[in-house]
1. Test of understanding: among His12, His33, which residue is modelled with pLDDT of 95 or more, in contact with a strand residue (DSSP E or B) (Cβ under 6 Å, 6 or more places away or on another chain) and of a type outside the set (Ser, Thr, Tyr)?
2. Scanning for something over 16 Å from the mean Cα position of the chain (by Cα), within 21 Å of Gly131 (Cα to Cα) and basic (Lys, Arg), does region 56-78 turn up at least one residue?
3. State which residue pairs qualify: first residue at pLDDT 95 or above and surrounded by 15 or more Cβ atoms within 10 Å (Cβ to Cβ) and inside region 132-147, second residue in a strand (DSSP E or B) and among the aromatic types (Phe, Trp, Tyr) in any location, beta carbons under 6 Å apart, and separation of 6 or more residues or different chains.
4. In this structure, does Pro60 turn out to be in contact with a strand residue (DSSP E or B) (Cβ under 6 Å, 6 or more places away or on another chain), in contact (Cβ under 8 Å) with a residue 60 or more places away in the chain, over 15 Å from Leu194 (Cβ atoms) and of a type outside the set (A, V, I, L, M, F, W, C)?
5. Quickly run through region 67-88 and pick out the residues that are modelled with pLDDT of 95 or more and small (Gly, Ala, Ser).
6. In region 153-163, is there at least one residue being in a strand (DSSP E or B), more than 15 Å from the chain's Cα centre (by Cα) and free of Cβ contacts under 8 Å to residues at least 60 places away in the same chain?
7. Being over 15 Å from Ala111 (Cβ atoms) and in a strand (DSSP E or B) is the filter here; which residues of region 122-152 pass it?
8. What residue, of Asp124, Asp106, is in contact with a helix residue (DSSP H, G or I) (Cβ under 7 Å, 6 or more places away or on another chain), at pLDDT 95 or above, surrounded by 15 or more Cβ atoms within 10 Å (Cβ to Cβ) and under 16 Å from Leu28 (Cα atoms)?
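The values are calculated or read from the model by the stated rules, or taken from the named source; none is laboratory data. The structure presented is a predicted model; accordingly, all values stated were derived computationally and were not measured. Using ideal geometry, Cβ is built from the backbone for each residue, glycine included, and neighbour counts are taken over all protein chains shown.
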Amino acid sequence: GVHRLAFPDNRHARLYVPRQDDDAPLPLLVLLHGAGGQHGGGDLLALAHAARQRFLLLLPEALSTSWDFLRGGYGPDLAFIDRLLLWTMQRYDVAADAVALGGFSDGASYALSVGLMNGGLFADIFAFSPGFMSPLRRSGMPRVFIAHGKHDRVLPVERGKAIAMRLAGEGYAVQYGEFDGAHLVSPPLAHAALRQMSER
């Protein structure tokens, strides 16, 4: 079920834990919201998929309306995600080769940036309607899935396409998809991305 987590310094998150019939390690998806806590529907899609495919779903909340690197640099939000990962891995048997980081809008930009810096930990990065990426360094070669609406007026589709082309040119395994929609998460493309977690 879904557990509401509360930590010191007024930090919060939600964690979905699937029902298990065996002792097999569980995949883990960390999903980051956009500005104002919006997921564009991605949280509900991920929750349904987590229940079907039996993986852990971790939904951190930013300290402010969006993630710290949009306010001057990496800091408390990155530290909180690190603390959440440690907390989760200490309590659940997480499959080390099936940890993914995803997000929508600002959360997609943050997922790309943090995921590329920590590619040894995150096997997959899912970015739904990203605006940019700003990794301080690169580590590992995670798979990258980017989806963007053709009629997005918040973050134009050209942003996601440019990121996909750049990463593909740098040798990353990139899947890129566009859909006939606006600034939201496309259910078919979200399902295509999340299926990757069971294909390692």
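1. His12
2. Within region 56-78, one or more residues are over 16 Å from the mean Cα position of the chain (by Cα), within 21 Å of Gly131 (Cα to Cα) and basic (Lys, Arg).
3. Phe145/Phe126; Ile146/Tyr176; Ala147/Phe128
4. So Pro60 fails the test.
5. Residues satisfying the conditions are Gly75, Ala79.
6. Scanning region 153-163, I find no residue that is in a strand (DSSP E or B), more than 15 Å from the chain's Cα centre (by Cα) and free of Cβ contacts under 8 Å to residues at least 60 places away in the same chain, so the answer is no.
7. Of everything in region 122-152, just one residue is over 15 Å from Ala111 (Cβ atoms) and in a strand (DSSP E or B), namely Gly149.
8. Asp124
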